[in-house]
Amino acid sequence: MKPEATPLVGVNDTACLNPANDATIGLIRVPEGLRLRDLSAVSMDLEWKPASAAARSAIDWFYLHLGGQSIAGRAAKLKDAIGAILNDLLNAAENTPFRPCFRSMRAKDFTGGPVGYRSAKAVIDLFEVKGLVHLAGGNLNREGRVSYGTTTRIWPTTALLDHLAEFGIAPSNRREHFIKGEGSEVASRPILLSTSSAWRGKRRVEGKPLPVDATDPTVIKYAAQVDRLNAFIAKQVIEGAGEVVFFRKFNCGDQAGHAYRKGGRLWVVGGGYQMMPKRWKPSHPEGTKLRSSILINGELTTEIDIGSSHLTIFQAKLGLPFDPQADLYDIPGIEREVVKAYINLTLSKPRLPKQWPADMRSDFLDRYGYEIDRDHSIYFVREACLERHPILCQRKSIQLDWSDLQFIESQAILRAMDSLNQDFGIACLPIHDSLIMPLSHKDKAIELLKESFKYYVGVIPRVN
């Protein structure tokens, strides 16, 4: 159903288009006294690609509608940009109340990203000319040596959503038509490899795909394990999770001696249930399904996860004395999710972070309903975390990073899954450091997860 038009009211911002009487917007209501750029927004990451014939047909139509054929030699890049931008606009439109996208439009902020600056800028400009999006320009303020401001806000008009609806595409079914990252071709490749990710200012840029040596004995071993997991899950009745096909992605393939021991998490083709929220929040659109709604072989499910997983592995591998049964993210006066975010951020960088990344700020706003950088000074959080875990002060000198921790964690998860499947005939669904399984098999899953973690790490973790 086409979204009901809601006039834009209360706009008082000379830096924006100020389209207060434009009924084609019909999507955003700005409270009196606020500006468009002050609205909560969703990051435009440009990382998703078409996954359905309908999405590819829609992209082809927009390409012709925008006159892309007149831009010589750039068809593929422009279509990639159109698809990524359409997905992110639909993602923002899923929220209630509706949110715009935000995106820095500086050329350097596109370096190394999945979509280049020229293609993204061309598509967004053409979308605006055709009345398919509206823009609220970013701003930068300087007070002495301090700079602050907002990035460009972008949101679709009802015209754009109407065009997509003609192809059967809407915000509510976005994940049926777009997938993140490599695309549906990974279904036939159980093992993927990418270069190292990198930090570009406040943004983390994902690594680029690398060829996988299918004759490598390690690859053969890991591929056989993923194939075994896929063969087992294909025989189960999984309801409410979409299609489930696993692949394993390793990272840092450009580092000498990586030996497929970096990263290695188990992912689902297209994101699937791993993209479903764990808990409901007011911003979710009507009908949003939670992971708790998944049924395995007709049975209700529960989710168990390894508590403080990466920090537990980090301290255990360094031989430090600590209580692995304790909540390592429990610091009085600071929300647990903030402590977890800072510690995991620290473990992902070669030195102590001094600012919250842009994608983390967006993620917190989306998950928890508040802006982490406004509510929690990173300097205060850092001091509290260093007092609780002094070993983090030595982060720069320790050659054990996120990719090593993620590999060890993934090995433990896959070993537990393999045992549940092959030894006990129990189906389960992984989400990084957690497992979804039938409620009746929870105790066996906890037992095997603890056993598997101890096998690789040497300590029994706290399992929630």
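The values are calculated or read from the model by the stated rules, or taken from the named source; none is laboratory data. Not measured: the values here are computed from a predicted model. Virtual Cβ from ideal backbone geometry, glycine too; neighbours counted across all protein chains shown. When the accessible area is computed, the model is the full protein with side chains, heavy atoms only, and any ligands, DNA or RNA have been set aside. Shrake-Rupley method; radii C 1.70, N 1.55, O 1.52, S 1.80 Å.
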(message) closer than 22 Å to Ala223 by Cα, open to solvent by 10 Å² or more (accessible area, probe 1.4 Å) and part of a helix (DSSP H, G or I): is that true of Ile408 in this structure?
(response) yes
(request) Output the number of residues of segment 208-226 satisfying the condition of being within 17 Å of Ser419 (Cβ to Cβ) and either small (Gly, Ala, Ser) or modelled with pLDDT under 90 (or both). (result) 1
(message) Can you confirm whether Gln422 is touching a Gly at 6+ places or on another chain (Cβ under 8 Å) and polar (S, T, N, Q)?
(response) no
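Quick check: is even one residue across segment 46-54 part of a loop (DSSP other than H, G, I, E, B), among the aliphatic types (A, V, I, L, M) and within 18 Å of the chain's Cα centre (by Cα)?
yes
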(request) Could you please give the count of residues in segment 350-362 that are touching a residue at least 60 places away in the same chain (Cβ under 8 Å) and open to solvent by 40 Å² or more (accessible area, probe 1.4 Å)? (result) 2
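Which of the residues that make up segment 312-340 are in contact with a Cys (Cβ under 8 Å, 6 or more places away or on another chain) and open to solvent by 30 Å² or more (accessible area, probe 1.4 Å)?
Here is the first cut: in segment 312-340, the residues in contact with a Cys (Cβ under 8 Å, 6 or more places away or on another chain) are 331, 339.
Hits for segment 312-340: nothing passes.
Tally time: how many residues in segment 380-406 are under 21 Å from Ser197 (Cβ atoms) and in contact (Cβ under 8 Å) with a residue 60 or more places away in the chain? Please lay out each step first, then the result.
So in segment 380-406, the residues under 21 Å from Ser197 (Cβ atoms) come out as 392, 395-396, 398-406.
Adding the requirement that they be in contact (Cβ under 8 Å) with a residue 60 or more places away in the chain leaves 398, 400, 402-406.
Of the residues in that region, 7 qualify.
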(request) Take segment 449-464 and flag every residue that is among the aliphatic types (A, V, I, L, M) and open to solvent by 10 Å² or more (accessible area, probe 1.4 Å). (result) Val457, Val459, Ile460, Val463
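Could you tell me how many of the residues in segment 366-383 are assigned to a helix (DSSP H, G or I) and either open to solvent by 20 Å² or more (accessible area, probe 1.4 Å) or charged (D, E, K, R) (or both)? Before the answer, list the steps.
Residues of segment 366-383 assigned to a helix (DSSP H, G or I): 366-368, 372-375, 378-383.
If we keep only those that are either open to solvent by 20 Å² or more (accessible area, probe 1.4 Å) or charged (D, E, K, R) (or both) too, we end up with 366-368, 373-375, 379-380, 382-383.
Qualifying residue count for the region: 10.
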(message) Considering only residues that are surrounded by fewer than 20 Cβ atoms within 10 Å (Cβ to Cβ) and either among the basic types (Lys, Arg) or in contact with a strand residue (DSSP E or B) (Cβ under 7 Å, 6 or more places away or on another chain) (or both), which ones fall in segment 418-433?
(response) His432
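Check segment 187-207 and report whether any residue there is farther than 30 Å from Asp254 by Cβ and either at pLDDT 75 or above or not acidic (Asp, Glu) (or both).
Initial filter on segment 187-207 (farther than 30 Å from Asp254 by Cβ): none.
Scanning segment 187-207 turns up no residue that is farther than 30 Å from Asp254 by Cβ and either at pLDDT 75 or above or not acidic (Asp, Glu) (or both).
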